[in-house]
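Worksheet for the structure shown next.
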Amino acid sequence: MSDEASAVQSFALDGEDLAFEPGETILQAATRAHRYIPHLCWHPEFPAHGSCRVCSVKVNGRAGAACTVRAAAGLDVESNTEELNAHRKTLLQMLFVEGNHFCPSCEKSGNCLLQATAYEMGMEGPHFEEFYPDRPVDASHPDILLDFNRCILCELCVRASRDVDGKNVFAIGGHGIGTHLLVNSESGRLADTAMDLSDRAASICPVGVILPKRRGFAIPIGQRRFDEKSVSQQVEEDGS
Ligand code: SF4
Ligand code: FES
């Protein structure tokens, strides 16, 4: 192999060199190198979805989503800037007001990527007027509770159920502000699907929509994943 072919390729992330492997996106390369770029709808087990835009970065001065833009030699990527973090905070505030998020009473508090990312971006309040949408809970399944109030439409459960579990339990319906998560059964109830607690879809939700029944608060608030370390520390110290 020539020296040129074997040379490690790299780009700059916030002014520091970051090596990447061919085919990696900016977010994949950054995460592998324990560098934190805020994100919500990206999960290392699934192809990028590119919908939340929380991973927005500037690539050679132009806006792009770090989870979908491929790393390339010599790129100049800005991520941790005042402007981009303010943009991310606005996106997070919009997500908070579009749903019903009451962190102090949520079983997912301390394990929730939305909450952890909001802390990371210094979000102290919703800023916008709350929509308070009417989203009933589905408690029909014997082992799983669905609280649609917290859905951020990342589609991870849709993808996990379809691509890993082979069941297609979830779908996204509606348009614009009316976009919502659906259960794919004639009744629309989870009890009438093949969903099982051992499904990948049952444990993929980054917020508190899909929850196992009878396990509430098994780990006390204050001792949970993001209580112990912030989301950036998780990536920087543990790589995930
Ligand atoms: Fe994402 Fe959870 Fe909503 Fe599914 S239920 S789309 S995993 S936030
Ligand atoms: Fe990239 Fe959501 S993480 S768009």
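Brief remarks follow.
A quick yes/no check of all residues on (1) within 13 Å of residue 13 (Cα to Cα); (2) at pLDDT 95 or above:
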| site | (1), (2) |
| --- | --- |
| 58 | yes, yes |
| 62 | no, yes |
| 66 | yes, yes |
| 75 | yes, yes |
| 81 | yes, yes |
| 86 | no, yes |
| 90 | no, yes |
| 103 | no, no |
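- Annotation: residue 200 fulfils all but one of (1) surrounded by 14 or more Cβ atoms within 10 Å (Cβ to Cβ); (2) within 16 Å of ligand 2 (Cβ to nearest atom); (3) closer than 20 Å to residue 46 by Cα; the unmet one is (2).
- Of all residues making up segment 95-119, the number that are in a loop (DSSP other than H, G, I, E, B) and open to solvent by less than 30 Å² (accessible area, probe 1.4 Å): 6
- Of the criteria (1) within 20 Å of the chain's Cα centre (by Cα); (2) open to solvent by 40 Å² or more (accessible area, probe 1.4 Å); (3) of a type in the set (Val, Ile, Thr), which one residue 152 fails: (2)
- Given (1) at pLDDT below 95; (2) basic (Lys, Arg); (3) part of a helix (DSSP H, G or I), index of the condition residue 215 fails: (3)
- Residue list for segment 120-147, restricted to those being hydroxyl-bearing (Ser, Thr, Tyr) and surrounded by fewer than 17 Cβ atoms within 10 Å (Cβ to Cβ): 132
The values are calculated or read from the model by the stated rules, or taken from the named source; none is laboratory data. For clarity, every value in this text was computed on a predicted model and none was experimentally measured. In this analysis, Cβ positions are derived from the backbone assuming ideal geometry, glycine residues included, and neighbour counts consider all displayed protein chains. SASA here: full protein model, heavy atoms, side chains in, ligands and nucleic acids out. Shrake-Rupley method; radii C 1.70, N 1.55, O 1.52, S 1.80 Å.
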